[in-house]
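> There's a structure below that I have some questions on.
The values are calculated or read from the model by the stated rules, or taken from the named source; none is laboratory data. Everything quoted here is computed from the prediction, not taken from an experiment. Note that we place each Cβ from the backbone using ideal geometry, even for glycine, and neighbour counts take in every protein chain shown.
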Number of protein chains: 2
Amino acid sequence: MERVTMADVAKEAGVSKSTVSQYLNKRYEYMGEKTRTRIKEAIERLDYQPNYIARSLKQKRTSMIGIIVANIMHRFSTEVSHAIEEYCYDSDIQAIVCNADDDPAKEKKYIEMLMAKQVDGLIIFPTAKNIDLYDQMIKSGYPVVFMDRKAGDLNLPRIVANNVESAYDAVDHFIKYGHRKISIITQELSTSPRAERVTGYKNCLQDHEIEYKDEYVINQPIEELQLELDRMFSLSQPPTALLAGNDLVFLEILRFMKRKSISVPEHFSLVVFDNIPFADVATPAVSTISQPAFEMGQKAAELLLKQIKKEDVELKEYQYPCDLVIRETSARQTD
Amino acid sequence: MERVTMADVAKEAGVSKSTVSQYLNKRYEYMGEKTRTRIKEAIERLDYQPNYIARSLKQKRTSMIGIIVANIMHRFSTEVSHAIEEYCYDSDIQAIVCNADDDPAKEKKYIEMLMAKQVDGLIIFPTAKNIDLYDQMIKSGYPVVFMDRKAGDLNLPRIVANNVESAYDAVDHFIKYGHRKISIITQELSTSPRAERVTGYKNCLQDHEIEYKDEYVINQPIEELQLELDRMFSLSQPPTALLAGNDLVFLEILRFMKRKSISVPEHFSLVVFDNIPFADVATPAVSTISQPAFEMGQKAAELLLKQIKKEDVELKEYQYPCDLVIRETSARQTD
DNA sequence: TTGTAAGCGTTATCAA
DNA sequence: TTGATAACGCTTACAA
């Protein structure tokens, strides 16, 4: 196991612990050539590995940050985490990814555990149910960045997509393609992006003077979606275009299509709000609204590391535009 | 920031640090009822949060483990990591996931950094290029479990899939479906699973007395695959069945199909060796050899935690059978 | 240029 | 049943 300590190296090299410490922290300025090589050799001979825990205790920094993801099953979360990790790697920072699984209690537990582990800061996809806790962290000056979701009226940097506008654009695209019976399907409206996507949908219908119909709007838990889809497609006038609110919803729509043996874009046009793997190479290629997950992740990391280094950051909302990519699941409606 | 320490709580409650420590570690046996409540109240009043770093320094355990994934872009890696995390969550252990990105130098750096951070053990998808380092860790008694890939002849628990047999089964399935011109496509044969899958392929052809043809076997980096596929499908006798060696290869095959406007199973049958999202709900649904990623991850975690707790574990290879799921991309060949 | 010594916030040992 | 006190392995004034 880990045996060799700095004291051993010091003894081996015939110097004191502090000198070894100096050496390790590359403070060579006032260090004699011989002492340096002697320490170097001693370290090699003993195969000494420094203990970062001890250093952290003293320095009050761990060079670790935490990422608390609301639900790791979303491709978007994975892409963002990945971008954060990559950014951190260049600064010799470790990222610990935790999955709150859409459970506020689990989120709370992770926040407390990561803070107890003295991680230097946190990037959170907030469940938005632990407002008091968020508030307390922020007030205490602890570095935090919010990602993807809005929560409360807190004074910290937030990275979000322009959900309203992007959903608007997708619906606008449907309308330009001749659709009038347009549906939007999301999970429960318990998070800001979902609600915003529905808002964009409504706004666009309104601007085009298309009547909003409740029966075309599904906001239900994943488990309910098959039933809801059955219902919606039994209408005398089923929708001809669907906007899937995220990748998990898309999965359910695929399942539904499989079950009914129907296909896109023949039966309806489809746009998915989310990054999905294979979207471009699938047949038919899937039209998507893709969020700039990589840029968003990098920005979050940048803002967090700046806060950790006590540099000034703007405590505002950083909004990212998404990219509506029309592929083969969108078709013109001619009736 | 983090201000309140155990000493503050002790003072506030009018007891000594050691008593507070006892309380926190739930050693109530010899503790007076009143002291207990006084400490409890003091903790609440001060909103004290223990510092796990200090505890770790003393106890020489961090309750963290590291996962070093060879390449995070594989769905399999994500699923395994996820299973490990879930298992660890129940034991109050944190998992730190690092992506070596198929780079032995990066793998080495991560191993050293995680050990310096005093993580209690490591689950590694080895690049198999750092044998000396692996050897050293294992000799020193550090808890390690290998996942997915074989590396060197080391004395530690290894979790692997039965690659030879599973590839064999897929080819056997092709042959039963009337195929004789069967191709296998993988990346470079630099890892054991890839080589084993090719072995299974060869064995099966041999058992069925089908001639092995080099021109049907592609083992090239991802970037070369489009060229190689072009070449292979320009043969006078192109293959009628393809076994894709993993999910990234599958992506390239999809890209190729898109480019050539050809489809499965009309142009060829396809089985993918890997877990891919949407496989069952895609159209056509994709035949896959799915690895029991969840079980493999759980087992790895179980074996690692046992080692950490100094319990005996068998230092052997744990081999997991995969599941050949025939879906719609496999068709009978009638010519 | 290097060494001494006092922490960092816990836990563990042993007395009281 | 509780309290001193010495670690844990490192950093950092300050002294030499």
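> Which of the residues spanning region B:139-149 are more than 12 Å from B:ILE123 (Cα to Cα) and crowded, with 18+ Cβ neighbours inside 10 Å?
Listed by number, the list is empty, since nothing qualifies.
> Please work out which residue is farthest from DNA strand D (Cβ to nearest atom), limiting yourself to region B:1-25 and to residues that are more than 14 Å from chain A (Cβ to nearest Cβ) and among the charged types (D, E, K, R).
Taking the candidates together, the pick is B:ASP8.
> Could you list, in sequence order, the residues of region A:58-85 that are within 16 Å of DNA strand D (Cβ to nearest atom) and either within 9 Å of chain B (Cβ to nearest Cβ) or among the hydrophobic types (A, V, I, L, M, F, W, C) (or both)?
Hits for region A:58-85 are A:LYS60, A:THR62, A:SER63, A:MET64.
> What's the number of the condition B:LYS310 fails, among (1) under 28 Å from A:VAL286 (Cβ atoms); (2) within 14 Å of another protein chain (Cβ to nearest Cβ)?
(1)
Table: residues versus (1) closer than 22 Å to A:GLU79 by Cα; (2) in contact with a Lys or Arg (Cβ under 7 Å, 6 or more places away or on another chain); (3) of a type in the set (D, E, K, R).
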position: A:LEU235; (1), (2), (3): no, no, no
position: A:ILE253; (1), (2), (3): no, no, no
position: A:SER263; (1), (2), (3): no, no, no
position: A:ASN275; (1), (2), (3): yes, yes, no
position: A:ALA282; (1), (2), (3): yes, no, no
position: A:SER290; (1), (2), (3): yes, no, no
position: A:LYS299; (1), (2), (3): yes, no, yes
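> From the list A:ASP312, A:ASP280, which residue is of a type in the set (D, E, K, R) and either assigned by TED's automatic domain parsing to the domain that holds A:ASN246 or in a strand (DSSP E or B) (or both)?
A:ASP280
> Filter region A:173-191 down to the residues that are crowded, with 17+ Cβ neighbours inside 10 Å and among the polar types (S, T, N, Q), then identify the one that is nearest to A:PHE250 (Cα to Cα).
Looking at the filtered set, the residue picked out is A:THR186.
> Further question on the same structure: Every residue in region B:70-94 that is outside any helix (DSSP H, G or I) and polar (S, T, N, Q), please.
B:ASN71, B:SER91, B:GLN94
> Filter region B:8-45 down to residues that are more than 9 Å from DNA strand C (Cβ to nearest atom) and out of contact with any helix residue (DSSP H, G or I) (no Cβ under 8 Å at 6 or more places or on another chain), then give me how many there are.
Number satisfying all stated conditions: 8.
> Check region A:239-248 and report whether any residue there is without any contact (Cβ under 8 Å) to a residue 60 or more places away in the chain, under 24 Å from B:LYS258 (Cα atoms), assigned to a helix (DSSP H, G or I) and under 28 Å from the mean Cα position of the chain (by Cα).
Checking region A:239-248: not a single residue is without any contact (Cβ under 8 Å) to a residue 60 or more places away in the chain, under 24 Å from B:LYS258 (Cα atoms), assigned to a helix (DSSP H, G or I) and under 28 Å from the mean Cα position of the chain (by Cα).
> Going by the conditions given, is B:SER56 near DNA strand C (Cβ under 9 Å from one of its atoms) and in contact (Cβ under 8 Å) with a residue 24 or more places away in the chain?
In short, yes.
> Filter region B:112-133 down to the residues that are under 16 Å from A:SER56 (Cβ atoms) and among the β-branched types (Val, Ile, Thr) and list them by number.
Scanning region B:112-133 gives a single hit, B:VAL119.
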